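The values are calculated or read from the model by the stated rules, or taken from the named source; none is laboratory data. Quantities reported herein were computed from a predicted structural model and do not represent experimental measurements. For neighbour counting, all protein chains shown are included, and Cβ atoms are generated from backbone atoms with ideal geometry for every residue, glycine included.
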């Protein structure tokens, strides 16, 4: 069993059904600081260097990534746990938190997302967990989709809902994203990613509406981030897969064999990702907001995928003001790291707790990542 911080879990007795979106978050209690990572690097690969001559240091990691700490399922150097069990457990905990706040006893439609599949339906596993809760079972009428779109997963779920508006209108919708990323990483990329899950529950068209959304794949940038998936872990039949998947090349995998700055299964070029985000995403935001008919000045909240602190800062300082958006650009990456598809939902949970999500709030939610893919959703709460 994963031990963690259950930030909005069901305590048994349900409150009366509440209006507005309700959120839930589950993060592992195991905190990995920059100092812990530096010590680990020095013990394992003493000669590892960053940018030529500079050694790793905690302050340098935070400067480059914007991250001071991250939450992992396992300790540094520990063997990973069973992926299916961990991802489902965290997803169910986050889902219970959102449903508990909403006071629901039934979910009409469930959508889930995760980056790495495991030949099982995350949606079905979450539905079973909710229905088998002995203190207060929740019936799930329909597991609508398992979405695989890497870091864009939760944003793609909202885009998909908006594209199929009539199927979701006036239904109680639960969107859950759960990520167990830390076990896939090696060396420098361990500074970026975290594990955890987020969930949002809403009655579509009443608590939340997707006014306009856009999703795009950029095939020429596929190599910027590539997470390879073992054949036995390919997505289950019926899953919605929106980004290309590849198989690991055994000859390129060097984990536990020799010092490496790569990932165990895949590649990540941080500089190219940074340039991609600042080049391709702002025009998509401008186009989507314009199509919604909303004055950019009406946008009061922007939640970006928490990929890197420098990306979020650049959007807030430069890119968004240039297109007329001077909203609160929410960031929680310092203490949460990059939780892939769960990052937007975890950020939404904390933004709501801080009073930034109110009746009538117009927001822009933006996902981007491996594929490369980008998703922009203009929503009204």
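Side notes on the structure shown:
- Among the residues making up segment 223-241, those that are touching a strand residue (DSSP E or B) at 6+ places or on another chain (Cβ under 9 Å), outside any strand (DSSP E or B) and modelled with pLDDT of 75 or more are 223, 224, 235, 236, 238, 239.
- With respect to the conditions (1) farther than 20 Å from residue 66 by Cβ; (2) touching a helix residue (DSSP H, G or I) at 6+ places or on another chain (Cβ under 6 Å), residue 181 lacks only one, and its number is (1).
- Residue within segment 102-116 that is touching a residue at least 60 places away in the same chain (Cβ under 8 Å) and assigned to a helix (DSSP H, G or I) present: yes
- Selection within segment 88-121 - touching a helix residue (DSSP H, G or I) at 6+ places or on another chain (Cβ under 6 Å) and within 21 Å of residue 343 (Cα to Cα): 88, 91, 92, 95, 110, 111, 112, 113, 114, 115, 117, 118
- Residue in segment 321-332 that is at pLDDT 95 or above and within 22 Å of residue 180 (Cβ to Cβ) present: yes
- Residues within segment 72-102 that are surrounded by fewer than 21 Cβ atoms within 10 Å (Cβ to Cβ) and modelled with pLDDT of 95 or more, tallied: 0
- Of the criteria (1) at negative phi; (2) touching a helix residue (DSSP H, G or I) at 6+ places or on another chain (Cβ under 8 Å); (3) in a loop (DSSP other than H, G, I, E, B); (4) free of Cβ contacts under 8 Å to residues at least 40 places away in the same chain, which one residue 77 fails: (1)
- Checked against (1) modelled with pLDDT of 95 or more; (2) in a helix (DSSP H, G or I), residue 197 passes all but condition (2).
- Residues located in segment 206-219, provided they are farther than 19 Å from residue 288 by Cβ and part of a loop (DSSP other than H, G, I, E, B): 206, 207
- Selection within segment 117-137 - in contact (Cβ under 8 Å) with a residue 60 or more places away in the chain, surrounded by fewer than 23 Cβ atoms within 10 Å (Cβ to Cβ) and under 22 Å from the mean Cα position of the chain (by Cα): 117, 119, 120, 121
- Taking first residues from segment 262-275 that are under 16 Å from residue 229 (Cα atoms) and partners that are part of a helix (DSSP H, G or I) and at pLDDT 80 or above, the Cβ contacts under 8 Å between residues at least 6 apart in sequence or on separate chains come to 268/224.
- Residue that is closer than 30 Å to residue 136 by Cα and at pLDDT 90 or above, where the choices are 21, 31, 67: 21
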